[in-house]
Amino acid sequence: MTEFDATYYDGKTSARTAVRVRGCGHRLRIAGADGNFDAPLADVALDEVRADARVGSARRFLGLPGGAQLQTDDHDAVAALFPQAAPWQARILGLERRWSYALAAIAILAAFTWWCAVYGLPVAARLGAMAVPLTVESKLGEQALYALDKSFCEPSALGEGRRSEVQKQFERVTAGLKDGFLYRLELRSCPRIGPNALALPGGAVVMTDDLVRLATDDAQLAAVLAHEIGHVRQRHGLRLGLQGAGLAALIAALAGDAVSLTGLAMSLPTVLLQAGYSRGFEREADQYALERMSEIGVPARHFADIMALLSKQGPEAGLRGEALDYLSTHPAASERVEEAMKAR
Amino acid sequence: MELGQGDTVLAKPTGELEELPSEQAAGEQRYPVRFTATGEEYFRIWIVNLALTVVTLGIYSAWAKVRKKRYFYGHTLIDGEAFEYRANPIAILKGRLIAFALLALYSLSGELVPLLQPLFMVALAVAVPWLLARSLAFNAVNSAYRNVQFHFHGGYAEALRVVIGNGLLVVVSLGLMYPYWKARLARFIANQHSYGQTRFELPGLAAEFYRVYLKAGALLFGYAVLGMLAMVAAASGDRGGMVALTTGVIVFVLAGSLAYLLAFASVRARITNLTWNHARLGSVRFVSTLHTGRLAWLYFTNIVAILATLGLAIPWALVRTMRYRCEQTTLLAEQGLDRFLAAESAQVGPTGEAVGELFNIDFGL
């Protein structure tokens, strides 16, 4: 026999009645707070009572026939009277109560997130990028170039002769690449960016005047261009965008309600992981550059030379130091030179 | 379980004074809202349900949602009595499957027939008011207190007028009508809700909403100017070049984020206070005393804790935020809380709620 205190609601008004409840055999007897079970307020069959599934220490609700309800905090009594209530969810309750299961859940989630970030998302992004038509990708590139011209760059200030020499290197690198991309070289003067080259989705490669001036041999420019062509061919711009969107969706799905709680801050891990992704892409592009250079007969040392020149350049040299490698979007220059040297 | 009466201690609420209703009247009793969940217990519920959702490829998410909501509802007490969340997980799962199918259709249509995508967006715009109304109705009818259900009576026509009709005014006025729109929306949502047979009532609060948004806007603008100055100062340091520029940008972004957080907390606190302090439920009035500074601090520490623990602090953050919000809310009732009449119950499908969730429509309630 189980007895417990509860509150009774008839379901017609919000008025409450404090009651004493007793389970005997297959009946549930409800008496006033005085506990006079000889004159009960109600007497119902146990199997007509719908006990809800327990969640933690939250209050229990027992549905009575006719829409009335009992509410109680006496979890032991309810468990004793309704051992079969929501059996499936009772298992979940068991999982939720033990710290060992909580630790196992953390391990599962950590493994899942790690797998998604390292393998799942990059593969999904590569497949997704393949589904995007080249015309759409070129349009993205056009928009990027427009934005670049608007805020950072001016038309190239190099002489016509010098420009056509660089163009010749570009044609040498792209000659015979029948992969559908519409390759073209865009020379720009962008003092605020410094010596640099950028691959835009669709096939446009932007190179700054400063980089052209920095090179001590035109074969070094060919090395940089081959690296950028590697970005284009492997659709790195598009894939980076898709991976970013995927990451944001993953974090939103896992964090759930907390997104509204933290707002902006949720984009921080995305930014950090994106930096990791783009370092991976730089390595892929380096690898392609070295392959392509050996195909067209440019010695690999030119790649090492331009990397060394770049790493000596300006204030960026400090930022690209090995200590900041993790935050930098490019692998440390010395590391890349080493790889290039190895390939030689 | 305590069945005590609401305490009759007269306490002057502190907070944004301009938004407070008149003092407690004689004969009115105070019923503070209490929240008794603990971060430690909720952590295990949260993490286990999240892991189960991942392991079942999302199918379990409907059960996870119901269990989490039931835990929060069951620990939200007024006058010692708890709220109850009654939604059936299977119904939510069905809604989510429909929403997922629609999303797949949407992405595929863009892939195969690009022209279809804008059409889909128009359809979504027309559907948003319906989704809003259905989602509110589903949530209301599945929420109960003292075995009396809540209801939402808003129909499609009025939702369309308020959400899209007034929403267009915001666009046409270049955002100037935004506070008016939010006030209209708040009023529509409040007035269409009832507890049993008793309707909630909220007057028009457009002027008050304008004051709140103007203050937040001024705050944001002030910090933007300050941040800009700080950035320029940092960037023009003697070293010059990329390092100084980077420092400047970081300073600007940090100042901007702090300003955003403060403005966000200010709007949240003051709009919530305004809405509850003017709302009535029969003879019941509400007092909400959220404080901008304390809310901003709560948000800030939540963000720091969540980032530092890679998300593991999320349950703790949710519980302490909810506890603060409950602690700052009090009911004032002349005749106690025993006299509300229940209404006939009706079943409402969950599709609206799930679709809105999946397309990430933030109704900002």
Discussion item. Given the criteria more than 14 Å from every other protein chain (Cβ to nearest Cβ), more than 26 Å from residue A:105 (Cβ to Cβ), at pLDDT below 65 and open to solvent by 30 Å² or more (accessible area, probe 1.4 Å), does residue A:284 qualify?
Written reply: no
Worksheet item: Which one is nearest to the other protein chains (Cβ to nearest Cβ), of the residues in region A:1-39 that are of a type in the set (D, E, K, R) and outside any loop (DSSP other than H, G, I, E, B)?
Response: A:5
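Can we say residue B:221 is in a helix (DSSP H, G or I), at pLDDT 90 or above and of a type in the set (Phe, Trp, Tyr)? Quick ask: steps written out before the conclusion?
Numbers: in a helix (DSSP H, G or I): yes; at pLDDT 90 or above: no; of a type in the set (Phe, Trp, Tyr): yes.
No; evaluated as a whole, the condition is false for this residue.
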Discussion item. Tell me yes or no: at least one residue of region A:54-72 is crowded, with 17+ Cβ neighbours inside 10 Å and more than 12 Å from chain B (Cβ to nearest Cβ).
Written reply: no
Worksheet item: Is it fair to say residue B:54 is touching a strand residue (DSSP E or B) at 6+ places or on another chain (Cβ under 9 Å), outside any loop (DSSP other than H, G, I, E, B) and modelled with pLDDT of 90 or more?
Response: no
Worksheet, complete the sentence: Only unsatisfied item for residue B:30, checking (1) at pLDDT below 95; (2) in a helix (DSSP H, G or I), is (2)
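Within region A:193-202, does at least one residue satisfy the condition of being within 22 Å of residue A:158 (Cβ to Cβ), over 32 Å from the mean Cα position of the chain (by Cα) and open to solvent by 30 Å² or more (accessible area, probe 1.4 Å)? Steps first, please.
Initial filter on region A:193-202 (within 22 Å of residue A:158 (Cβ to Cβ)): A:193-200.
Subsequent filtering for residues that are over 32 Å from the mean Cα position of the chain (by Cα) retains none.
No, there is no match, as no residue in region A:193-202 is within 22 Å of residue A:158 (Cβ to Cβ), over 32 Å from the mean Cα position of the chain (by Cα) and open to solvent by 30 Å² or more (accessible area, probe 1.4 Å).
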Worksheet entry | Extreme residue, surrounded by the most Cβ atoms within 10 Å (Cβ to Cβ), among residues of region A:73-108 that are outside any helix (DSSP H, G or I) and more than 7 Å from every other protein chain (Cβ to nearest Cβ) | A:82
Worksheet item: Out of region B:201-210, which residues are open to solvent by 30 Å² or more (accessible area, probe 1.4 Å) and touching a residue at least 40 places away in the same chain (Cβ under 8 Å)?
Response: B:201, B:203, B:208
Worksheet item: What is the residue count in region A:215-240 for residues that are over 17 Å from residue A:306 (Cα atoms) and open to solvent by less than 40 Å² (accessible area, probe 1.4 Å)?
Response: 6
Worksheet entry | Per-region count, region B:59-85, residues within 11 Å of chain A (Cβ to nearest Cβ), free of Cβ contacts under 8 Å to residues at least 60 places away in the same chain and open to solvent by 20 Å² or more (accessible area, probe 1.4 Å) | 6
Worksheet entry | Single condition residue A:128 does not satisfy, out of (1) within 14 Å of another protein chain (Cβ to nearest Cβ); (2) without any contact (Cβ under 8 Å) to a residue 60 or more places away in the chain; (3) open to solvent by 20 Å² or more (accessible area, probe 1.4 Å); (4) not in a loop (DSSP other than H, G, I, E, B) | (2)
Discussion item. Please determine whether any residue of region A:155-177 is without any contact (Cβ under 8 Å) to a residue 24 or more places away in the chain, in a helix (DSSP H, G or I) and buried (at least 16 other Cβ atoms within 10 Å of the Cβ).
Written reply: no
Worksheet item: Which condition number does residue B:55 fail, the rest of (1) touching an Asp or Glu at 6+ places or on another chain (Cβ under 8 Å); (2) hydrophobic (A, V, I, L, M, F, W, C); (3) within 9 Å of another protein chain (Cβ to nearest Cβ) being met?
Response: (1)
Worksheet item: Within region B:272-324, which residues are away from chain A (no Cβ under 14 Å), in contact with a strand residue (DSSP E or B) (Cβ under 9 Å, 6 or more places away or on another chain) and surrounded by fewer than 18 Cβ atoms within 10 Å (Cβ to Cβ)?
Response: B:280
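The values are calculated or read from the model by the stated rules, or taken from the named source; none is laboratory data. All values reported here derive from a predicted model rather than from experimental measurement. As a convention, Cβ positions derive from the backbone with ideal geometry for all residues, glycine included, and neighbour counts pool all protein chains shown. Accessible surface is based on the protein model in full, side chains and every heavy atom, while ligands, DNA and RNA are left aside. Shrake-Rupley method; radii C 1.70, N 1.55, O 1.52, S 1.80 Å.
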